[in-house]
Structures are given as C-alpha cells and as structure tokens.
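Shown next, in structure tokens, is the structure this report addresses.
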Amino acid sequence: MGRYVIKRVIQAIPIFIGITFIVFMLSNMAPGSPIDIIASSAGLNAEQLQALKEAYGLDKPVLVRYFIWLMGIFQGDLGVSTSTNVPVATIIGQRIGASLTLSCTALVFSIIIGVFLGIMSAYKPYSIWDKVSSVFAFIGSSMPSFFIALVMIYIFAVKLKWLPASGMYGSGAKDLANLVKHLILPAIIVSMQSIGGYIKQTRGAMLESINEDYIKTARSKGISEWAVTIKHALRNALIPIVTQIGLSVPYIVGGSVVTEQIFAWPGIGSLMVNAVNTFDYNMIMGITVLISIVVLIVNIVLDVVYAYLDPRIAAEA
Amino acid sequence: MENSILEVKNLKVDFIMDGERVNAVHEVSFKLGKGRTLGIVGESGCGKSVSATSIMRLLPKINTIVDDCTSIKLDDEELTTLSDKEFQKVRGNRISMIFQEPMTSLNPVYTIGKQLIEMVQSHQKISKKDAFETCVEMLEKVGIPEARKRMKEYPHQLSGGMRQRVMIAMALVCNPEVLIADEPTTALDVTIQAQILELMNKLKEDTKTSIILITHDMGVVAEVTDEVMVMYAGEVVEHDDVKEIFHNPMHPYTIGLLDSIPKLNQNTERLLTIDGTVPTLKNMPKVGCRFADRCHYCQDLCRTESPALKKVGTREVRCHFAGNLKAKEDK
C-alpha cells in the first residue's frame, strides 16, 4: 500500500507542472493587465511604463517568467497581488480558514444527509422516504443556489430574524456560537447543491448492489435485512458514492464563489471574484494553483480509498 | 418415510407481473426424509428454484404471494406462521442454501473468513476466535488446502470450484438439518462438478444433513439423489425413488427427459428432444393438463380436465393415462 501511494504521488508531479503551465500561459494570453490599468490611470510615458514592467519582471520572455513563477511556487511564493501589493500567499492564508470552515461543514452535512437519504430510499424503494428524498434531490440540483440563498435569507434572516444574513462573525464576538449562527445558512446553501447528487448516486449504487448474488447469499445466512443492507449492499456501493464525494470536494473548496459573495463570507470564493475584477493575475493564478493542488490530493486520496474499499483494485495496483 | 425432517404441503406461489397475478408454483407437496437427498428436476422455468427459494423466504416480497394454504414443517414445527424475525433463526442455521453462481455468490469485498464467521456468529454465541477455528475446520472438511491461509483471502483469489466449496462450507458450518442446493454444479466444468458432487455425498454421510438438490441434469440426479421429484410448469408431475423413476418412468414428460439424455451406445444422428417449450407464466393453460401441448400421448380428456396427482404404489404421477399410455396415431 505504501508503494502504491508513493507511485501515485510521483505520477501527480508532472500533472501538477502541466497545470501550472497552462494556467500561466492562459493568464498571460488574456487581454488587459494590471500595468495597463496603472498606465492608463496615471498617464505614464513609455519610459515610465518600461520601468514599471521591469519592476514587475514583465520585460522578460514568457517562458523565463513562467520558470521564475514556478520556482516561487515550490518555495511557497505565489507572487505579489498587484491590486494590494501584498504577497498572494499571505492573502490566501488569511482567507483559506474561512473557506475551509464553510466548505468542510457543508461537505460533512451533505454527505450525512445525502448518503442517509440515499440508503433509506434504497432500503425501501418507492416508499415515502424514497419519494421525499427524490423531491429533495430534484429541488437541490435544479434550483440555482443564489435563488435558494435569497429565499432562505428572506425567510430566516429578514422575516423570522433567527439567523444573520452576512459575514462570518458580523459585529459580534469571535466565538464558536456566533460562528455557528453565521455558518448555518451558507453551509446549507452550499451543501444543497451536492445533496441531490449524493442521494441519487447512493440510491442507484445501492439498488444495483442489492440485486447481486452475494446479497441473496447474505440473506440466506439469516442476518437481519438492515445488516444485509449496510454491511453487504452499502459496503459494495461505496465506490461510486466515494467517487461522487471526491468529485465535489474541489468544487466545494473553490466553487462556493456565489454563496460566499451573497453571504459576504470572507473566503477564497469572494477573493477570486475581486481578483478577476481587478485583473490581479497573480492572485487568480495563485487560487487556481491552490484548487488544482486540492484536486490532485483528493484524487490520490480517492485512489487509496478505492484500494481499501475493493481488495480487487489493491491486487491490481 | 416416517422420519421426515421437512414436510411441504400445498406450496403455492403466485407472482404479480405487470399488475396481473400469475401462478408459478402449484400444489407442490413433498416430504424429505432424514439424511435423504431429494432431487428436484425440470427444465428452466418449471418452478423448481422458486419452490426452493420460497421455502427459504428469499423471494422478493414486493411481487410474490405465497398462498395461505401452504404449510412448511421443519421437524414438525410450522415455518409459515413464523415472523420474519423468528424465521431469521431458521435461515442459515437449520435450513441453508447454496446457489448456482459460485463466482458471484460471495461478497467480493470481505475475506472468506469474515463471511464464514459472520454465518457462525449470527446463529451461535461464540467468540470470534472459536468461530475462526470452527470455520477453519469446516474449510478443511470441504477439501480446501491451507484453510487457515484461505480464511484471510478474498473471493477473487479463489477458483470457481474453490468458491463453491467455500459456499458449501458456509452452508454447513451451522450444522443445518436441511441443505438446499440450487444447481450447485451448473456453472462449474465437468471435472470440478464431479468433485463437488462427491463432496456433497461424503458430507451428507458425515453430517446426516438432508439435501434438496435442484438440477436439470439427469446425470447428476442419478449420481447423488435417493428420490426424484420431476416438476413441470409449476407442478409436480412425478415423484418416486430414483431407481424406480429411471427404470420405469410413467409420466410422458419424465419419459421425454430420460430419452433426451445422450447415450453412447445408440447410433442416433440427432439427440431426442421434447418439442416446444414450457408455457410462460402468463400463457399457462387454465384447464386441462399443463403438458398437453407438448405431449405425444395427448387425448381429448387431457384438454378438458386437469389431472390430479395419482398414487401408484410408491409412485406419485400427474397423468390421466399413467401406465396406460397410447401414442397418438397422427404423431
């Protein structure tokens, strides 16, 4: 198993470098740069412009700049944010805690609810459980999150005044209770998007494995139907479920852009939106690289989990 | 046959298909003697597997109706009135079952040992260590070499024959009174088939377990069973000791089955077959003999009146003209 993990990590390195190359080249090709903004607002002449370019290292050829940037990444240096003149890594460091708090809460919440409802609807197909979770999945995956967010804010923040509508702590104390209060609404919104997928994926995978021969064997042993469902059917259905969860992790880390924006959550998502608005390429590239690292790590973790879940995969590896 | 361990009376199973209630098994009754092997024979779709799986209560509840008049007695204890929870104590423990597909019948994600131990621990209060030893012993009994090592292996590391041995070990590890084997050798190649049959014969002598063997292979029947029950279209058509049936088949269907076994000493160009196929559940004849359409001896009476199961000596046979068959002239 140890060798398998090392093999997967080594395989991930060229993929990571490839991603950084594409990210850098695409950012470089995009029209508009922070220099242009400064130049047009300050009315610089050609000499001053040249000096500015040298200061930012923009006079060098693209490939050279790429390698300088790449070497920086390996040392934890993602460049300086052109809109704030603060190192990108520092800003991301300040923001990532908030994003992880939101996304991890949402992830755990959606796994618990989604997988549980999926199991229940497979345990008793076409029952009331099945129908309720089907409607739930339908709403969750078909309604845009900003709409659900606005409806929830209207109900719980404006009308009922139970929960705050924005910020991480607001003006209140920086304690856990206050955080939880601020966290509930955005976490529900973020998890709503993936719960539907989890329900459907779990139900489908469960119903498939329930029809397998070994389930008949398990039943013939005289163990309870619930034990058959959980120990035998769910255990075999876990691979597609874990895949679904793995696929939505990077989405949750980088993708709560809209939700963070609506709830003024001080995370990576709103940082990304600001960076795009201000042509802050170092910031955009930094965040993109961060997300791609998360994707790569999640993929390695998934492969290891697969091997653990299915001994046949471990045997091939 | 005073000492019967399993007594099935009037087993009647209906399925709901597309909102329509169709009959799959009709008035199947038999007694299984202690330590005996009963072969249930018939072609695909004759209801032999359905009968056995309904005894185990393994049919999907959602579209199956087992009629109220059905009585299944295990050692004089009525099973049909037990709740599902009570029946769990019977299933696997007192009646166990092995299936046709050894390749897919074991759970691929658990070790052999874990699956065997689960069986033991769900019926006996026994420590994991003792259960492990019991299982190793059982694996050795079914002829698995290096049983202790195999306990830690996964099903994909074993061959089909080995997996079927594991299934047999699992079915017998709780010392059941009855073992139902649903085509246990169909998916195996012929040499392995012979080994498995020999193993079952040997184990039956050791453990005194009674066996219901479901098969469509008359050769298998001749080799291991004491008595045979021939089923056709959900009904028992003939039932007697295996030797009696092979020497003197009385029902036209049994005659056809026996004739269609290829014989080396006959120089026939084509194998003999029974014309036609089993009527589907939805096209089952409502009146008359269910075999009439395929029968060489069919008379007018066969079309208008359903034959009852007649007793002729030890023989039970469902034919109006049993012992008095006359071939139709036009055939």
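Data overview
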read-out	value
First in the stretch A:218-230 and in contact (Cβ under 8 Å) with a residue 24 or more places away in the chain, second anywhere and among the aromatic types (Phe, Trp, Tyr), Cβ under 7 Å, 6 or more apart	A:Thr229/A:Tyr123
The stretch A:259-317, residues that are over 16 Å from the mean Cα position of the chain (by Cα), among the polar types (S, T, N, Q) and modelled with pLDDT under 85	A:Thr278
Filter result for A:Leu58 (touching a residue at least 12 places away in the same chain (Cβ under 8 Å), among the hydrophobic types (A, V, I, L, M, F, W, C) and in contact with an Asp or Glu (Cβ under 9 Å, 6 or more places away or on another chain))	no
Residues (part of a helix (DSSP H, G or I) and surrounded by fewer than 20 Cβ atoms within 10 Å (Cβ to Cβ)) located in the stretch A:74-88	A:Phe74
Every residue from the stretch B:199-214 that is assigned to a helix (DSSP H, G or I) and over 16 Å from the mean Cα position of the chain (by Cα)	B:Leu199, B:Lys202, B:Leu203, B:Glu205, B:Asp206, B:Thr207
Residue match in the stretch B:267-279 (condition: closer than 17 Å to B:Glu238 by Cα and of a type outside the set (D, E, K, R))	yes
Residue match in the stretch A:135-153 (condition: more than 26 Å from A:Thr101 (Cα to Cα), in contact with a helix residue (DSSP H, G or I) (Cβ under 9 Å, 6 or more places away or on another chain) and in contact (Cβ under 8 Å) with a residue 12 or more places away in the chain)	yes
Flag for A:Thr217 being more than 14 Å from every other protein chain (Cβ to nearest Cβ) and either hydroxyl-bearing (Ser, Thr, Tyr) or closer than 30 Å to B:Lys85 by Cβ (or both)	no
Elements of type strands (runs of 3 or more DSSP E) in the stretch B:49-112, at least 3 residues being at pLDDT 90 or above	B:71-74, B:95-98
The one condition in (1) crowded, with 22+ Cβ neighbours inside 10 Å; (2) under 17 Å from B:Gln164 (Cβ atoms); (3) of a type in the set (A, V, I, L, M); (4) under 14 Å from the mean Cα position of the chain (by Cα) that B:Ile196 fails to fulfil	(4)
Subset of the stretch B:117-152 [under 24 Å from the mean Cα position of the chain (by Cα) and either part of a loop (DSSP other than H, G, I, E, B) or at pLDDT 95 or above (or both)]	B:Val142, B:Gly143
Top-ranked residue in the stretch B:101-110 [being surrounded by 18 or more Cβ atoms within 10 Å (Cβ to Cβ) and more than 7 Å from every other protein chain (Cβ to nearest Cβ); ranked as farthest from the chain's Cα centre (by Cα)]	B:Tyr110
B:Val237 of a type in the set (A, V, I, L, M), surrounded by fewer than 24 Cβ atoms within 10 Å (Cβ to Cβ) and at pLDDT 90 or above	no
Flag for B:Glu133 being more than 14 Å from every other protein chain (Cβ to nearest Cβ), free of Cβ contacts under 8 Å to residues at least 12 places away in the same chain and over 28 Å from A:Ile313 (Cβ atoms)	yes
Residues of the stretch B:153-167 satisfying the condition of being away from chain A (no Cβ under 12 Å), aliphatic (A, V, I, L, M) and not in a loop (DSSP other than H, G, I, E, B)	B:Met162
Search result, residues across the stretch B:111-123 that are at the interface with chain A (Cβ under 7 Å from one of its Cβ atoms) and in contact (Cβ under 8 Å) with a residue 40 or more places away in the chain	B:Met119, B:His123
The stretch A:7-58, residues that are in a loop (DSSP other than H, G, I, E, B) and within 22 Å of A:Thr288 (Cβ to Cβ)	A:Ala30, A:Pro31, A:Gly32, A:Ser33, A:Tyr56, A:Gly57, A:Leu58
Enumeration of residues in the stretch B:78-100 that are of a type outside the set (Ser, Thr, Tyr), facing chain A (nearest Cβ under 10 Å) and either under 21 Å from the mean Cα position of the chain (by Cα) or at positive phi (or both)	B:Phe87, B:Gln88, B:Val90, B:Arg91, B:Gly92, B:Asn93, B:Arg94, B:Ile95, B:Met97, B:Ile98, B:Phe99, B:Gln100
Yes/no for B:Tyr253 being surrounded by 14 or more Cβ atoms within 10 Å (Cβ to Cβ), in contact (Cβ under 8 Å) with a residue 40 or more places away in the chain and part of a loop (DSSP other than H, G, I, E, B)	no
One residue from A:Lys231, A:Lys174, A:Lys200 being among the basic types (Lys, Arg), within 14 Å of chain B (Cβ to nearest Cβ) and over 20 Å from A:Ile262 (Cβ atoms)	A:Lys231
The listed residue being at pLDDT 85 or above, in a helix (DSSP H, G or I) and surrounded by fewer than 18 Cβ atoms within 10 Å (Cβ to Cβ), out of A:Phe109, A:Phe67	A:Phe67
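The values are calculated or read from the model by the stated rules, or taken from the named source; none is laboratory data. It should be emphasised that the depicted structure is a prediction, and the values quoted were computed from it without experimental measurement. So basically every Cβ, Gly included, is an ideal-geometry build from the backbone, and we count neighbours across all protein chains shown.
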